[in-house]
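Only one structure is covered here, and it is reproduced in the block below.
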Amino acid sequence: KIALVTGASSGIGAATAQRLAQAGYTVYGTSRRGSQAGAAAAAAGHAMLALDVTSDASVAAAVAEVMRREGRIDLLVNNAGFGVAPAGAEESSVAQAQAIFDTNFYGVVRMTLAVLPHMRAQGGGRILNIGSVVGFLPMPYGALYSATKHAIEGYTESLDHEVRGWGIRASVIEPAYTKTTFEANLLAPDTPLAAYRQVRAAVTSRLQALMAGADDPAIVADTVLAAAQASQPKLRYTAGPLAARLRLMRRFLPAALLDAGLRKDLRLA
């Protein structure tokens, strides 16, 4: 089967591309660096293509290239994304909000629009969107990133209902803290305010401590493979024990207790 994985130059995307290749998929990873990441990808058993998910033309070209080489796409893993460093919602402009949505959410939409006609024509396929536990939980001082992941949850659930008639299924993968280079690429808030400086620093320190015990990307990659191969796919797959616990807490804990626990964990007054 043919798999296309966005954001595959490092972290979850690279681990996912490697795991799928090990399982027998013919894998095309993508990144904005394209062939510059090709040597590492080749060693991991997959090819790399240049792709910017914020560009309609780039998306169309990458999908067309996979179709030219293989004639089909059986699996799309939408992983490309970035975040804003811990910041109050008030500290990011509308332009910054638009930028993160353009990659994290509209990138998913662009890729989905590009592959769906081929999947419908071939009579099947699987679309897996990398979400997050902050797609079903709030993330204080991470409102924009959380909003993109909430959007992915709603989009995926609606899409899954729409495409089942063609043998296509859509699912969302929900990791918790994962050890990647993601933090190194965080954008700083573009309108920082003195009023948030102290708590912003405290939340940043707490998140750094939590990341020290974060899951390996291989855990997410294994979850992606399980979702890709499931004969009866679920809509949501938590990745790792912490993500599973948080999903259960969201489902069963009273709202006030969950709210208090979240604030305590992040050291919010």
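Listed residues Thr191, Thr148; which is more than 30 Å from Ser231 (Cβ to Cβ) and in a loop (DSSP other than H, G, I, E, B)? Walk me through how you get there before you give the answer.
Values: Thr148 fails: in a loop (DSSP other than H, G, I, E, B).
The unique qualifying residue is Thr191.
Given the conditions (1) at pLDDT 95 or above; (2) farther than 30 Å from Glu90 by Cβ; (3) in contact with a Lys or Arg (Cβ under 8 Å, 6 or more places away or on another chain); (4) not small (Gly, Ala, Ser), and given that Asp215 satisfies all but one, which numbered condition is not satisfied?
(1)
Name the pairs whose Cβ atoms lie under 7 Å apart, with the first residue in the range 3-18 and within 13 Å of Leu225 (Cα to Cα) and modelled with pLDDT of 95 or more, the second among the aliphatic types (A, V, I, L, M) and open to solvent by 30 Å² or more (accessible area, probe 1.4 Å), and 6 or more positions between them or separate chains?
Sorted first by the residue in the range 3-18, then by its partner, the pairs are Ala15/Ala218.
I'd like the full set of residues that are open to solvent by less than 20 Å² (accessible area, probe 1.4 Å) and either over 21 Å from His118 (Cβ atoms) or not small (Gly, Ala, Ser) (or both), limited to the range 1-10.
Passing the criteria: Ile2, Leu4, Val5, Thr6.
Any residue that is part of a loop (DSSP other than H, G, I, E, B) and without any contact (Cβ under 8 Å) to a residue 12 or more places away in the chain - is there at least one of those in the range 247-259?
Residues of the range 247-259 part of a loop (DSSP other than H, G, I, E, B): 253-254.
With the extra rule that they be without any contact (Cβ under 8 Å) to a residue 12 or more places away in the chain, the set shrinks to 253-254.
Yes, because at least one residue in the range 247-259 is part of a loop (DSSP other than H, G, I, E, B) and without any contact (Cβ under 8 Å) to a residue 12 or more places away in the chain.
Could you give me the residue pairs with C-beta distances under 7 Å whose first residue belongs to the range 201-222 and is closer than 20 Å to Gln22 by Cα, whose second residue is open to solvent by 30 Å² or more (accessible area, probe 1.4 Å) and part of a loop (DSSP other than H, G, I, E, B) wherever it lies, and which are 6+ apart or on separate chains?
Asp216/Lys179; Pro217/Lys179; Pro217/Thr180
Give me the residue from the range 226-246 that is surrounded by fewer than 21 Cβ atoms within 10 Å (Cβ to Cβ) and part of a loop (DSSP other than H, G, I, E, B) and, out of that set, nearest to the chain's Cα centre (by Cα).
Taking the candidates together, the pick is Leu235.
Sort out which residues of the range 15-30 are open to solvent by 10 Å² or more (accessible area, probe 1.4 Å), over 11 Å from Ala47 (Cα atoms) and under 17 Å from the mean Cα position of the chain (by Cα), and write them in order of number. Outline the logic, then answer.
First pass over the range 15-30, keeping only residues open to solvent by 10 Å² or more (accessible area, probe 1.4 Å): 15, 18-19, 21-26, 28.
Right, trim to over 11 Å from Ala47 (Cα atoms) and you get 15, 19, 22-25.
Passing the criteria: Ala15, Arg19.
Look through the range 126-143, keep the residues that are within 14 Å of the chain's Cα centre (by Cα) and in a helix (DSSP H, G or I), and return whichever of them is nearest to Arg247 (Cα to Cα). It would help to see each step written out before you state the result.
The first filter runs over the range 126-143 and keeps only residues within 14 Å of the chain's Cα centre (by Cα), leaving 127-136.
Checking the rest, the ones that are also in a helix (DSSP H, G or I) come to 133-135.
Numbers: Val133: 7, Val134: 10, Gly135: 10 Å.
In this case the residue turns out to be Val133.
Just the residues that are open to solvent by less than 40 Å² (accessible area, probe 1.4 Å) and in contact with a Gly (Cβ under 8 Å, 6 or more places away or on another chain), please, taken from the range 200-218. Break it down stepwise before answering.
Here is the first cut: in the range 200-218, the residues open to solvent by less than 40 Å² (accessible area, probe 1.4 Å) are 203, 207, 210-211, 214-215, 217.
Passing the criteria: Asp215, Pro217.
Taking the condition of being touching a residue at least 24 places away in the same chain (Cβ under 8 Å), basic (Lys, Arg) and open to solvent by 30 Å² or more (accessible area, probe 1.4 Å), how many residues in the range 126-185 meet it?
So the count comes out to 3.
Look through the range 186-199, keep the residues that are hydrophobic (A, V, I, L, M, F, W, C) and surrounded by 13 or more Cβ atoms within 10 Å (Cβ to Cβ), and return whichever of them is modelled with the highest pLDDT.
Val199
Those residues that are open to solvent by 10 Å² or more (accessible area, probe 1.4 Å), part of a helix (DSSP H, G or I) and under 23 Å from Arg236 (Cα atoms), I need them from the range 114-125; list them, please. Don't jump to the end; show me each part of the working.
Here is the first cut: in the range 114-125, the residues open to solvent by 10 Å² or more (accessible area, probe 1.4 Å) are 114, 116-118, 120-125.
Checking which are part of a helix (DSSP H, G or I) leaves us with 114, 116-118, 120-122.
Across the range 114-125, the qualifying residues are Ala114, Leu116, Arg120.
Working only within the range 57-85, note down all residues that are hydrophobic (A, V, I, L, M, F, W, C), surrounded by fewer than 23 Cβ atoms within 10 Å (Cβ to Cβ) and assigned to a loop (DSSP other than H, G, I, E, B).
Phe82, Ala85
The values are calculated or read from the model by the stated rules, or taken from the named source; none is laboratory data. A quick note: this is a predicted structure, and the numbers were derived from the prediction, not measured. Backbone-built Cβ (ideal geometry, glycine too); neighbour counts: all protein chains shown. The area values use the complete protein model at the heavy-atom level, side chains included, leaving out ligands, DNA and RNA. Shrake-Rupley method; radii C 1.70, N 1.55, O 1.52, S 1.80 Å.
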